[in-house]
1. At a temperature of 25 °C and a viscosity of 0.890 mPa s, determine how fast the range 115-220 diffuses translationally according to Stokes-Einstein, using the Kirkwood radius over alpha-carbon pairs as Rh; express D in µm²/s, rounded to the nearest whole number.
2. Say R0 is 45 Å: what FRET efficiency, to the nearest 0.05, do Asp45 and Ser147 get from their beta-carbon distance?
3. Where does the longest stretch of the chain lie that holds no GluC sites (Glu not before Pro) found in a DSSP loop with 13 or fewer other Cβ atoms within 10 Å?
4. Computed FRET efficiency, Cβ-Cβ of Lys59 and Lys234, R0 30 Å: what is it to the nearest 0.05?
5. Nearest 10 degrees, 0 to 90: what angle lies between the long axis of helix 225-240 and the longest principal axis of the chain (Cα atoms)?
6. Can you give me the C-alpha center-to-center distance between the range 132-153 and the range 25-47, rounded to a whole angstrom?
7. I need the calculated FRET efficiency for the pair Ala205 and Thr177, taking r as the beta carbon distance and R₀ as 35 Å, to the nearest 0.05.
8. Per residue, how large is the accessible surface of the chain? Use a 1.4 angstrom probe and give square angstrom.
Amino acid sequence: MATKVSVSPTSLIDQIVVPGDVVLDLSNMTNQTIKLGSGLRQDNDAISAMRAGKLSYCKPNKYWVEGSHKRYIPRPEDHVLGIVVDSNTDNFWVDIKGPQLALLPVLAFEGGTRRNIPKFEVGTLLYLRVVKTNTGMNPELSCTDASGKAALFGPLRDGFMFETSTVLSRMLLSSPTCPVIEALGKKLSFEIAVGLNGRVWVNSAAPRTVIIVANAMMNSESLSGTQQRIMVEKLLAKISD
């Protein structure tokens with residue numbers, strides 16, 4: 001049973017917690033209603049972790065533990081990076097790191113018709129939007145936004161793709177801009193696409209920049225914002241020597 005302790009509601013946010021850790025003390029949070037997400041349980045006034053991961057917070061009042069998962073569970077409107085593994089007359093079969101392959105209808109493109117079906121070879125990397133997820137069925141994808149426009153969706157050519165945990169991908173997509181991306185962007189020119197399924201694509205005219213950016217991102221998961229900035233400064237200092 002968790003022991004009641006005095007815990008500030010902000011002291012552990014974005015920190016790694018393990019099962020049994022008391023992460024919130026409701027007696028110190030008067031006149032507040034909070035929502036508990038996955039990985040947390042309540043025992044009187046003490047909120048404790050049920051699994052290892054990062055304590056996350058979303059305004060105005062939701063807390064949960066984000067586990068460092070390699071497998072991705074698709075959710076509607078998630079943006080993901082998928083790899084084409086097969087196709088037929090109606091769909092492309094796409095690996096999005098989920099429990100099942102996902103379906104990308106051949107018409108799920110801006111202005112898509114039977115006359116202009118795209119041709120993607122096996123291994124093509126795509127930036128996609130999850131449209132539907134029903135239990136026992138393959139998730140459905142699209143290369144358009146909710147208004148039917150291509151926006152940023154579609155094939156990602158050249159560059160380098162690496163796989164990571166879903167925790168890191170969410171961190172890289174956080175708002176305001178993740179410190180490691182902000183620090184890199186001040187000194188280097190590059191493009192990135194981050195999927196909530198734990199895949200990241202990096203591209204730049206300079207191959208060395210791609211390596212630096214990818215390494216910095218992969219090393220940033222367990223670092224605080226300040227530590228991320230220091231790490232980037234050290235990386236950039238080494239290459240300028």
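The values are calculated or read from the model by the stated rules, or taken from the named source; none is laboratory data. This structure is a prediction, so every number in the text was calculated from the model and none was measured. Here the Cβ positions follow ideal geometry from the backbone for every residue, glycine too, while neighbour counts run over all protein chains shown. Heavy atoms of the whole protein, side chains included, go into the accessibility calculation; ligands, DNA and RNA do not. Shrake-Rupley method; radii C 1.70, N 1.55, O 1.52, S 1.80 Å.
1. Details: Rh = 15.3 Å.
Approximately 160 µm²/s, per Stokes-Einstein.
2. On the way: r = 46 Å, r/R0 = 1.02.
Efficiency, from the Cβ-Cβ distance: 0.45.
3. Values: sites that count: Glu77, Glu121.
The longest uninterrupted stretch comes out as 122-241.
4. Working: r = 33 Å, r/R0 = 1.09.
Given R0 = 30 Å and the Cβ-Cβ separation, E is 0.35.
5. 50 degrees
6. The range 132-153 and the range 25-47 have Cα centres spaced 35 Å from each other.
7. Numbers: r = 22 Å, r/R0 = 0.63.
About 0.95, to the nearest 0.05.
8. Numbers: 13310 Å² over 241 residues.
For the chain, the per-residue accessible area is 55 Å².
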